[in-house]
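Note sheet for the following structure.
The values are calculated or read from the model by the stated rules, or taken from the named source; none is laboratory data. None of these values were measured; they are calculated from a predicted model. Using ideal geometry, Cβ is built from the backbone for each residue, glycine included, and neighbour counts are taken over all protein chains shown. When the accessible area is computed, the model is the full protein with side chains, heavy atoms only, and any ligands, DNA or RNA have been set aside. Shrake-Rupley method; radii C 1.70, N 1.55, O 1.52, S 1.80 Å.
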Amino acid sequence: MAGLVAAARARELGVRPRVIEKGTRAGGSMLLSSGVVWRHREWDDFRDECPGGDPALQQLVWERLDDGLAWLESLGAEPVWTETGNPRTVGRRYDPRALTALLARDVELETPLPPSDKLSLGAPLVLACGGFAKRLAEEKGLLLRANPWSDGAALDLARARGAALSGGLDEFYGRALPSPPARIGEDDFVPLTQLYGRWARVFADDGRDVTPASVSWSENDLAQAIARLPHGRAWYVLDEDALARGDRGRTAGDMVAAARAAGGTVVDPRELPFATPPGARIAVHVVAAVTHTIGGLKIDTRARVLTDDGDPVDGLWAAGVDAGGIANGGYASGLAQALVLGLAAAESIAR
């Protein structure tokens, strides 16, 4: 999304961008998402939930998102929902395919990013390659819940030109999915998400009860906790009350049924080789899956990539989750980050 936004805004400002895409289609991981672009309703909640992030970058996203959404809609984007369904957040939900079709223009597909030494130094370049989710998932032995092209090549290019990295390079936004042998394709990333862990008892494969004392509303903290277990796997064990609870119009029971239909491991808790709580009705084997990385390139509020000394790298900008330092320590909207930083990069270049 970030690169498409930057290109669209650049055209409005009289700049003629070249848009290259290493993948076989435009839209990146936005095309695989639920399409919700949001921010925290209250600034203090953003800071509390992402305490390791750069306050200046967080302020940029928090303050500019509403104008960014209005800009999208001025281009013809039509929201599916005008609210997020979460009282802690505000934003819009769009059809990802319609948004991609609206923004994607003259995209050169299957065009790899040129090596750093083949690029003209000083010529404006916006890196918007979706971070390094593929690389992180492979390093941690986790599933990838994103496009297969976000492998960190943009970060490598920037580092070769003197760019600094933010903190949080081992952090990611992710979800629990039914573990293999479940059949999970790109179109299944949203419908097969098992987003009820905060009502479950959580067990490691060896039977240890690893249920956290508390789980955030996003469950991103739980996904990262599962990722630290052997093979990134865990069991969610639910009783009748947990099965009846829900999120975004779906109950835990609905999500368990989807996991079972996809071939996931859904069993009677009495079949497990360890004791479970009285009243347990269902056990679901889940795996942590990486959607996008949280750490990335260090940038300023104009989306310019910075060196370790805090100076801008000549001709280099980063948007979306190629940039780091916004949601560190928690979870915030990657699509909001893409929209705001894409606009910021285009406007900085035009100036």
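Quick one: which of PRO148, PRO178, PRO212 is open to solvent by 30 Å² or more (accessible area, probe 1.4 Å) and either farther than 14 Å from ALA289 by Cα or touching a Leu at 6+ places or on another chain (Cβ under 8 Å) (or both)?
Just one listed residue meets the conditions, PRO212.
Can you name the residue in region 88-118 that is part of a strand (DSSP E or B) and over 22 Å from GLU63 (Cβ atoms) and is also farthest from the chain's Cα centre (by Cα) among such residues?
My answer is GLU108.
So which residues in region 151-175 are over 23 Å from GLU219 (Cα atoms) and open to solvent by 30 Å² or more (accessible area, probe 1.4 Å), if there are any at all?
Of everything in region 151-175, those that are over 23 Å from GLU219 (Cα atoms) and open to solvent by 30 Å² or more (accessible area, probe 1.4 Å) turn out to be ASP151, ALA153, ASP156, ARG159, ALA160, ARG161, GLY162, LEU165.
Check ALA261, ALA257, ALA227, ALA252 and return the single one that is more than 17 Å from LEU192 (Cα to Cα) and either open to solvent by less than 20 Å² (accessible area, probe 1.4 Å) or at pLDDT 95 or above (or both). Outline the logic, then answer.
On the way: ALA261 fails: more than 17 Å from LEU192 (Cα to Cα); ALA257 fails: more than 17 Å from LEU192 (Cα to Cα); ALA252 fails: more than 17 Å from LEU192 (Cα to Cα).
The unique qualifying residue is ALA227.
For the condition at pLDDT below 95 and within 21 Å of LEU165 (Cβ to Cβ), what is the one hit in LEU127, LEU57, LEU113?
LEU113
If I ask for residues that are part of a loop (DSSP other than H, G, I, E, B) and either among the acidic types (Asp, Glu) or modelled with pLDDT of 95 or more (or both), which ones from region 171-183 would you list?
GLU171
Got at least one residue in region 198-206 being closer than 30 Å to ASP54 by Cβ, charged (D, E, K, R), touching a Ser or Thr at 6+ places or on another chain (Cβ under 9 Å) and open to solvent by 10 Å² or more (accessible area, probe 1.4 Å)?
First, the residues of region 198-206 that are closer than 30 Å to ASP54 by Cβ: 198.
If we keep only those that are charged (D, E, K, R) too, we end up with 198.
From what's left, touching a Ser or Thr at 6+ places or on another chain (Cβ under 9 Å): 198.
Remaining after also requiring open to solvent by 10 Å² or more (accessible area, probe 1.4 Å): 198.
Yes, that holds for at least one residue.
Out of (1) in contact with a Phe, Trp or Tyr (Cβ under 8 Å, 6 or more places away or on another chain); (2) assigned to a loop (DSSP other than H, G, I, E, B); (3) surrounded by 17 or more Cβ atoms within 10 Å (Cβ to Cβ), the odd one out for GLY295 is which?
(1)
Hey, could you check region 30-81 for residues that are of a type in the set (D, E, K, R) and closer than 24 Å to GLU12 by Cα and say which is most open to solvent (accessible area, probe 1.4 Å)? Outline the logic, then answer.
Taking region 30-81 as the starting set, the residues that turn out to be of a type in the set (D, E, K, R) are 39, 41-42, 44-45, 47-49, 54, 63-64, 66-67, 73, 78.
Subsequent filtering for residues that are closer than 24 Å to GLU12 by Cα retains 63-64, 66-67, 73, 78.
On the way: GLU63: 111, ARG64: 69, ASP66: 73, ASP67: 107, GLU73: 62, GLU78: 146 Å².
The qualifying residue most open to solvent (accessible area, probe 1.4 Å) is GLU78.
Can you go through ASP254, ASP309 and tell me which one is in a loop (DSSP other than H, G, I, E, B) and either touching a strand residue (DSSP E or B) at 6+ places or on another chain (Cβ under 9 Å) or at negative phi (or both)?
None of the others qualify; the one that does is ASP309.
ALA10 fails exactly one of the following numbered conditions: (1) touching a strand residue (DSSP E or B) at 6+ places or on another chain (Cβ under 7 Å); (2) touching a residue at least 40 places away in the same chain (Cβ under 8 Å); (3) assigned to a helix (DSSP H, G or I). What is the number of that condition?
(1)
Give me the residue from region 151-168 that is in contact (Cβ under 8 Å) with a residue 40 or more places away in the chain and part of a loop (DSSP other than H, G, I, E, B) and, out of that set, nearest to ILE20 (Cα to Cα).
In this case the residue turns out to be ARG161.
Condition check ((1) hydroxyl-bearing (Ser, Thr, Tyr); (2) more than 25 Å from SER34 (Cα to Cα)) across all residues:
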{"site": "ARG228", "(1), (2)": "no, yes"}
{"site": "ALA234", "(1), (2)": "no, no"}
{"site": "ARG260", "(1), (2)": "no, no"}
{"site": "THR265", "(1), (2)": "yes, no"}
{"site": "PHE274", "(1), (2)": "no, yes"}
{"site": "HIS285", "(1), (2)": "no, no"}
{"site": "HIS292", "(1), (2)": "no, no"}
{"site": "GLY296", "(1), (2)": "no, no"}
{"site": "ARG304", "(1), (2)": "no, yes"}
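Which residues, taken from region 230-248, are open to solvent by 60 Å² or more (accessible area, probe 1.4 Å), more than 17 Å from ASP268 (Cα to Cα) and not in a helix (DSSP H, G or I)?
ARG245, ARG248 - these are the residues of region 230-248 that are open to solvent by 60 Å² or more (accessible area, probe 1.4 Å), more than 17 Å from ASP268 (Cα to Cα) and not in a helix (DSSP H, G or I).
Please count how many residues of region 257-292 are outside any loop (DSSP other than H, G, I, E, B) and either touching a Phe, Trp or Tyr at 6+ places or on another chain (Cβ under 7 Å) or over 30 Å from LEU155 (Cα atoms) (or both).
Residues flagged as outside any loop (DSSP other than H, G, I, E, B) and either touching a Phe, Trp or Tyr at 6+ places or on another chain (Cβ under 7 Å) or over 30 Å from LEU155 (Cα atoms) (or both) within region 257-292 amount to 20.
Exactly one of (1) open to solvent by 30 Å² or more (accessible area, probe 1.4 Å); (2) of a type outside the set (Phe, Trp, Tyr); (3) touching an Asp or Glu at 6+ places or on another chain (Cβ under 6 Å) is unmet by ALA280. Its number?
It is condition (1) that ALA280 fails.
Under 8 Å between Cβ atoms, at least 6 apart or on separate chains: pull out the pairs that start in region 265-282 with a residue that is farther than 15 Å from GLY207 by Cα and end on any residue that is of a type in the set (S, T, N, Q) and part of a loop (DSSP other than H, G, I, E, B).
THR265/SER179
What residue, of GLY76, GLY85, GLY130, is assigned to a loop (DSSP other than H, G, I, E, B) and in contact with a Gly (Cβ under 6 Å, 6 or more places away or on another chain)? I'd like the intermediate steps shown before the answer.
Values: GLY76 fails: in contact with a Gly (Cβ under 6 Å, 6 or more places away or on another chain); GLY85 fails: in contact with a Gly (Cβ under 6 Å, 6 or more places away or on another chain).
It is GLY130.
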